[in-house]
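What follows is a set of notes on a single structure, which appears directly below.
The values are calculated or read from the model by the stated rules, or taken from the named source; none is laboratory data. Predicted model, so just to flag it, every value in this text is computed and none were measured. Methodologically, a virtual Cβ is constructed for each residue, glycine included, from the backbone with ideal geometry; neighbour enumeration extends over all protein chains shown.
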Amino acid sequence: MLRQAGGAGTVAVIAHRRKTLGGGLDELRRLVADEGVDKLLWYEVPKSKKAPKQVRKALKEGAELVLVWGGDGMVQRCVDALAGSGVPVGIIPAGTANLFAQNLGVPEDLPKAVRIAFGGKERKLDLGRVNGEHFAVMAGVGFDAEMIKDADRGLKDRLGRVAYLWTGLRHIRGDLVSMTVKIDGVPWFEGEASCLLFGNVGTITGGIEAFDDARPDDGWLEVGVTTAKGPVQWARVLGRMSAGRSDESPFVRMTRARKVTVRLGAPMTYELDGGAKGTVTRLKAKVVPGGITVRVP
């Protein structure tokens, strides 16, 4: 049943044209048209890094709802540009992992995702911010970032989520790096570690339940540091995570914070929402309470 004309106002679609879901972008256009949109702004990009420019253009055109078609990397680029705007976002999970959608209960089903985008509940959610850029799911430095960097687009296209497992096995014997971590200005960790994570939600890369008590609207970032090295220690860490007892591992320390500063003993790759960034020796992270409004079931 079609909605009344004018019921949906000005709607922008920001789509990664290489991503697929259901009947593709043609079906998405039909489903959006069925919602009685007054004005449709349609932007397709070949890479997620080109999305922020189109988001800013959509905001200038008066978009009242933004639909993001793609995976977590595409969502991260878009929410970074939308943060603080107050314009609601509908997630159309057309990527590899779709962790943000998964954590919010948005299904990998095109008609259902569109219905949620137009008729779902609006929920104000926190964002994290690392070195000036926002993320919705997680950020990390060390093991997970190296794993993500190696799971390039070609490998993910061929293997899907298994790509993360494949590349993770290649880095499981990686060296530890010295880290100094301050939580809200107070020293918290100093020593050698293989991975540091910031979480806004519970389930992260590879479907791992890393932060058992995480909520994306509690005004906090979850913080975890891992000192595991080698297959045996990592197997113990992952075993505790799968049992929902991450904080009981002898190779994991966890806390929560509003601001975090990190100093590394050597340059390390960092990542935001499954997208590898550059190498850094310092990180500044903080929570942005209520930074984005998302339509959820």
Residue list for the range 31-55, restricted to those being out of contact with any Lys or Arg (no Cβ under 6 Å at 6 or more places or on another chain) and more than 16 Å from residue 70 (Cβ to Cβ):
31, 33, 34, 37, 38, 39, 40, 41
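So, of the residues in the range 114-137 that are acidic (Asp, Glu) and surrounded by fewer than 20 Cβ atoms within 10 Å (Cβ to Cβ), which turns out to be nearest to residue 89 (Cα to Cα)? Before the answer, list the steps.
Applying the first criterion (acidic (Asp, Glu)) to the range 114-137 yields 122, 126, 133.
Then drop every residue that is not surrounded by fewer than 20 Cβ atoms within 10 Å (Cβ to Cβ), which leaves 122, 133.
Values: 122: 9, 133: 18 Å.
The selected residue is 122.
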Yes/no for residue 259 being of a type in the set (D, E, K, R), at pLDDT 65 or above and more than 23 Å from the chain's Cα centre (by Cα)
no
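Go through the range 21-49 residue by residue and tally those that are among the hydroxyl-bearing types (Ser, Thr, Tyr) and more than 20 Å from residue 61 (Cα to Cα).
We begin by selecting, within the range 21-49, every residue among the hydroxyl-bearing types (Ser, Thr, Tyr); these are 43, 48.
Pick out the ones that are also more than 20 Å from residue 61 (Cα to Cα) and you get 48.
Total meeting the criteria: 1.
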Please determine whether any residue of the range 121-141 is within 15 Å of residue 296 (Cβ to Cβ), part of a helix (DSSP H, G or I), hydrophobic (A, V, I, L, M, F, W, C) and at pLDDT 95 or above.
no
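Select from the range 251-281 the residues that are assigned to a strand (DSSP E or B) and among the basic types (Lys, Arg) and list them in ascending order. Even if it seems obvious, please write down each step before you answer.
Let us first name the residues in the range 251-281 that are assigned to a strand (DSSP E or B), namely 252-257, 259-272, 275-281.
Within the range 251-281, 253, 256, 259, 263, 277 meet the criteria.
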Pick out the one residue from 6, 23, 36 that is at pLDDT 95 or above and surrounded by fewer than 17 Cβ atoms within 10 Å (Cβ to Cβ).
23
Take the range 41-78 and flag every residue that is crowded, with 16+ Cβ neighbours inside 10 Å, closer than 16 Å to residue 94 by Cα and out of contact with any Ser or Thr (no Cβ under 7 Å at 6 or more places or on another chain).
43, 45, 48, 51, 66, 67, 68, 69, 72, 75, 76, 78
Residue 178 meets each of (1) among the hydroxyl-bearing types (Ser, Thr, Tyr); (2) at pLDDT 90 or above; (3) buried (at least 24 other Cβ atoms within 10 Å of the Cβ) with one exception, condition (3)
Does residue 166 satisfy being out of contact with any Pro (no Cβ under 8 Å at 6 or more places or on another chain), at pLDDT 70 or above and not acidic (Asp, Glu)?
no
